[in-house]
Ligand code: AQP
């Protein structure tokens, strides 16, 4: 009997440069990435997934700008390009090469069931790009081209990670190997799903046409305060425990954001703030958000003054990433039967 292989403990995660970073990306993803890096138990690889961004139309100059700005966001939030590998996906071609192999492993039915595909393609699936449909196979390749063992993400990515596990399992089974690990999704923290400020049942999203629905990491203090002030809520005061927020999704969202920004759990926050009116709480929330986010946005603008330095950093990241991804792709090609 063959022994189960042990995989290098390795964390991978990515963010699309499809717009500016939101508070949802920051709390649901970025702060978790920094935790993993600082824990030092795993190799950490973080990626600007520019190939994912073009599954919907992007203006080339805007995409370049957003990729650099996202890189500045990673750095400003605390990702250290020495301790972590920081890359943009298109500079590591093995992602796309493995994605093709996975396109041939994944089944049409699996892809058709993805809620993100149904949401984004909507009723007009005929007009959506083939890339949007195949998106989860590329995401599986992003993760598995490094044989990543752990992937920290927001709650919305859960289904894509299950699909990544299905692809790894099917590949290993079809070829009688144990080449890929069955990656663990890591969805943790007080803000795994930050909701729109205008609709507490809808995810805060960088491509939402309504800017007031989200906090952008580049928003200034006045804008942050105004957006929280105008966030949808109800006239009741804050309750003393979390269950009482079950029927109040808009208020629950603001409390979750407060707890995540303050590094405390929702129960502790509510025990302290019970009975406060929402107008007052929104002001406190705005002050806390400005305190936490303005050093990040200031650092992002400083870094964006030297885009050539960002490009150099990304080229160096790609070199380090390829030292891992090239041998893994070769292993895959050998297993699949490619002559090389
Ligand atoms: N609202 C959110 N709450 C918590 N986590 C979130 N993430 C995104 N939105 C929230 C997490 O951020 C990481 C990167 O996501 P992404 O930007 O690559 O893709 P997305 O999930 O599709 O995010 P958007 O903002 O909705 O982008 P668009 O509008 O371009 O589709 C992931 O870990 C995600 O879970």
| query | If you take the residues of the range 41-61 that are in contact (Cβ under 8 Å) with a residue 12 or more places away in the chain and in a loop (DSSP other than H, G, I, E, B), which of them is surrounded by the fewest Cβ atoms within 10 Å (Cβ to Cβ)? | reply | 41
| From the options 69, 61, residue that is closer than 22 Å to residue 224 by Cα and more than 8 Å from the ligand (Cβ to nearest atom) | 69
| task | Would you please name the residue that is nearest to residue 263 (Cα to Cα), looking only at residues in the range 220-232 that are at pLDDT 95 or above and in a loop (DSSP other than H, G, I, E, B)? | result | 231
| request: For residues that are within 14 Å of the ligand (Cβ to nearest atom) and more than 15 Å from residue 26 (Cα to Cα), tally how many sit in the range 174-194. | output: 3
| query | Is it true that residue 18 is within 9 Å of the ligand (Cβ to nearest atom), outside any helix (DSSP H, G or I) and touching a strand residue (DSSP E or B) at 6+ places or on another chain (Cβ under 6 Å)? | reply | no
| query | Hey, does the range 260-280 have a residue that's outside the structural domain of residue 78 (by TED's automatic domain parsing), buried (at least 17 other Cβ atoms within 10 Å of the Cβ) and over 21 Å from residue 189 (Cα atoms)? | reply | yes
| remark: Among residues of the range 143-176 being assigned to a loop (DSSP other than H, G, I, E, B) and either out of contact with any helix residue (DSSP H, G or I) (no Cβ under 8 Å at 6 or more places or on another chain) or without any contact (Cβ under 8 Å) to a residue 40 or more places away in the chain (or both), the residue surrounded by the most Cβ atoms within 10 Å (Cβ to Cβ) is 148
| request: Please determine, by comparing only the residues of the range 113-129 that are away from the ligand (no atom under 12 Å from the Cβ) and in a helix (DSSP H, G or I), which one is surrounded by the fewest Cβ atoms within 10 Å (Cβ to Cβ). | output: 126
| request: Only one of these is outside the structural domain of residue 84 (by TED's automatic domain parsing), within 12 Å of the ligand (Cβ to nearest atom) and on the phi < 0 side of the Ramachandran plot: 161, 132, 197. Name it. | output: 197
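The values are calculated or read from the model by the stated rules, or taken from the named source; none is laboratory data. Since we're looking at a predicted model, the values are computed, not measured. All Cβ positions, even for glycine, are placed from backbone atoms using ideal geometry, and neighbour counts span all protein chains on display.
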